[in-house]
Amino acid sequence: MTDMGLASHAVTVAVSRGRRHTEPPPQERSEFQRDRDRIIHSSAFRRLVYKTQVFVNHEGDLFRTRLTHSLEVAQLSRSMARVLGLNEDLAETIALAHDLGHTPFGHAGQDALDACMKAHGGFEHNLQSLRIVDVLEERYAAFDGLNLMFETREGILKHCSLAHARELGELGQRFIDGTQPSLEAQIVNLADEIAYNNHDVDDGLRSGLITLEQLDAVPVFARCRREAEAQWPGLAGRRLVHETIRRMINSMVLDLIGQTRANIAASAVESLADVHRAPPLAAYSADLRPRLRELKNFLFDNLYRHETVRRMTDEAKRVICSLFAVFMDDPGLLPPQYQARALADKARTVADYIAGMTDRYAVKEHARLCVQME
Ligand code: MG
């Protein structure tokens, strides 16, 4: 496999910092394709199908899960990486792995587990994604984790606290130095945002928690809706929603490509090392940024803080906190493979176990272990 045709500032195997454990090179696929394949075959990846993104997904089968969200992020990332001459395989790999560390019940679950872990170093889903690929997956004879390429791991670790960065050595160094990850990682980060803002509008409408009339107050939505209606007079229902959302996604992607291209040209980066030293290069235009802010604010006020979502969120927090208390109180209730690790670090092991649960498994375990106690 060659890296021919990529921009000089793209990540290639030739400039990669490689794997922690040396392995023979793969046959008939690139190192980053191998990383992608390892992620797809991991058990953490399979569990994403039963984890929620926004906590409205329980309500039906048509809503996004973390798995379909990750696939949408991968699709957007690949498209943008290709057109910018970046390493498509790396972008796809980071996208597929970016949410592996999420707890059950979306952000409510993460916040609850972080609160439970307050006295034990806290819980960050981003750091947990890295922990899964570095330590927790048990699949290979020669090493723990998936032994991924440095640049894949760097892309997965989107943000982390300075305290954690200091513990992570080479991988945490950029948070201390204030340098940037690869452009592939930067692109995935923004693809994630484009994906969830748009699919949360879609799922929000589908669930009935928000309405088209409310969304007309959001300029970027109203503009795309007017464009769709101008082209297709009388369009209504699901088709109108999709024709509007596809225009929003497309305008955001095109804006991001255009602005990023301009930033790359203006900063005259020539190598991956230049990308690390430059300010963030993947960015939206100054015109789009306030429009996205309006959309995010709308979703925050009307969907994420909707009474129905909040009721589910409160319930999710209760489930996570009860499970944490039960396992801390009696680690003998953990599955056998966790019990030995719990002897060394009980709280972290309990957090790993709970974070790995799917929504429905957490509900089931809660019913089995906690309900009589409450
Ligand atoms: Mg995401």
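Looking at (1) open to solvent by less than 60 Å² (accessible area, probe 1.4 Å); (2) in the same structural domain as Leu127 (by TED's automatic domain parsing); (3) away from the ligand (no atom under 16 Å from the Cβ); (4) farther than 16 Å from Phe150 by Cβ, can you tell me which one Leu96 breaks?
(3)
Yes or no: Gly237 within 28 Å of Leu71 (Cα to Cα) and more than 16 Å from the ligand (Cβ to nearest atom)?
Yes: the conditions hold for Gly237.
Looking at Ala230, Ala142, Ala185, Ala163 in this structure, which one is under 24 Å from Leu256 (Cβ atoms) and aliphatic (A, V, I, L, M)?
Result: Ala185 is the single residue among Ala230, Ala142, Ala185, Ala163 that is under 24 Å from Leu256 (Cβ atoms) and aliphatic (A, V, I, L, M).
This table checks each residue for (1) more than 23 Å from the chain's Cα centre (by Cα); (2) within 30 Å of Gln214 (Cα to Cα).
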site	(1), (2)
Gly237	yes, yes
Ile249	no, yes
Ala273	yes, no
Leu281	no, no
Arg293	no, yes
Gln337	yes, no
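Given (1) in contact with a helix residue (DSSP H, G or I) (Cβ under 8 Å, 6 or more places away or on another chain); (2) under 20 Å from His21 (Cα atoms); (3) without any contact (Cβ under 8 Å) to a residue 60 or more places away in the chain, identify the lone condition not met by Asn126.
Only one criterion is unmet by Asn126, namely (2).
Out of Ser16, Ser30, Ser42, report the one residue that is more than 15 Å from the ligand (Cβ to nearest atom) and farther than 20 Å from Asp134 by Cβ.
Result: Ser30 is the single residue among Ser16, Ser30, Ser42 that is more than 15 Å from the ligand (Cβ to nearest atom) and farther than 20 Å from Asp134 by Cβ.
Among the candidates Ala282, Ala351, Ala316, single out the residue that is outside any helix (DSSP H, G or I) and either in contact with a Lys or Arg (Cβ under 8 Å, 6 or more places away or on another chain) or open to solvent by less than 50 Å² (accessible area, probe 1.4 Å) (or both).
Ala282
Going residue by residue through the range 108-118, is there one that turns out to be away from the ligand (no atom under 16 Å from the Cβ), within 24 Å of Pro26 (Cα to Cα) and touching a Gly at 6+ places or on another chain (Cβ under 8 Å)?
No - not one qualifying residue is present in the range 108-118.
What residue, among those in the range 201-226 that are open to solvent by less than 10 Å² (accessible area, probe 1.4 Å) and out of contact with any Ser or Thr (no Cβ under 8 Å at 6 or more places or on another chain), is nearest to Val253 (Cα to Cα)?
Val201
So Phe143 clears everything in (1) within 16 Å of the ligand (Cβ to nearest atom); (2) at pLDDT 95 or above; (3) among the aromatic types (Phe, Trp, Tyr) except one condition, right? Which one?
(1)
Restricting to the range 239-279, give me the number of residues that are surrounded by fewer than 19 Cβ atoms within 10 Å (Cβ to Cβ) and in a loop (DSSP other than H, G, I, E, B).
Number satisfying all stated conditions: 5.
Assess whether Arg20 counts as being in the same structural domain as Ala142 (by TED's automatic domain parsing), surrounded by 14 or more Cβ atoms within 10 Å (Cβ to Cβ) and either within 24 Å of Gly356 (Cβ to Cβ) or modelled with pLDDT under 95 (or both). Give the steps one after another, and end with the answer.
Details: in the same structural domain as Ala142 (by TED's automatic domain parsing): no; surrounded by 14 or more Cβ atoms within 10 Å (Cβ to Cβ): yes; either within 24 Å of Gly356 (Cβ to Cβ) or modelled with pLDDT under 95 (or both): yes.
Judged against the criteria, Arg20 is not a match.
Could you tell me whether the range 338-345 includes any residue that is part of a helix (DSSP H, G or I) and in contact (Cβ under 8 Å) with a residue 40 or more places away in the chain? Spell out how you get there, then give the answer.
To start, the set of residues in the range 338-345 that are part of a helix (DSSP H, G or I) comprises 338-344.
Still in the running and in contact (Cβ under 8 Å) with a residue 40 or more places away in the chain: none.
No, because not a single residue in the range 338-345 is part of a helix (DSSP H, G or I) and in contact (Cβ under 8 Å) with a residue 40 or more places away in the chain.
Is it true that some residue in the range 229-238 is part of a loop (DSSP other than H, G, I, E, B), open to solvent by 80 Å² or more (accessible area, probe 1.4 Å) and on the phi < 0 side of the Ramachandran plot?
Yes, there is a match, as at least one residue in the range 229-238 is part of a loop (DSSP other than H, G, I, E, B), open to solvent by 80 Å² or more (accessible area, probe 1.4 Å) and on the phi < 0 side of the Ramachandran plot.
Output the residues belonging to the range 250-305 that are under 21 Å from Arg225 (Cβ atoms) and of a type in the set (Val, Ile, Thr).
Val253, the sole residue that qualifies.
I want to confirm something. Restricting to the range 174-191 and keeping residues that are open to solvent by less than 10 Å² (accessible area, probe 1.4 Å) and within 11 Å of the ligand (Cβ to nearest atom), which single residue is farthest from Asp301 (Cα to Cα)?
The extreme case among them is Val188.
How many residues, within the range 101-126, are acidic (Asp, Glu) and part of a helix (DSSP H, G or I)?
Going residue by residue through the range 101-126, those that are acidic (Asp, Glu) are 111, 114, 124.
Now restrict to residues that are part of a helix (DSSP H, G or I): 111, 114.
Final tally of qualifying residues: 2.
The values are calculated or read from the model by the stated rules, or taken from the named source; none is laboratory data. Quick caveat: nothing in here was measured; it's all calculated off a predicted structure. Every residue, glycine as well, gets a Cβ built from its backbone with ideal geometry; the counts of neighbours run over all protein chains shown. Note: areas computed on protein heavy atoms with side chains; ligands, DNA, RNA excluded. Shrake-Rupley method; radii C 1.70, N 1.55, O 1.52, S 1.80 Å.
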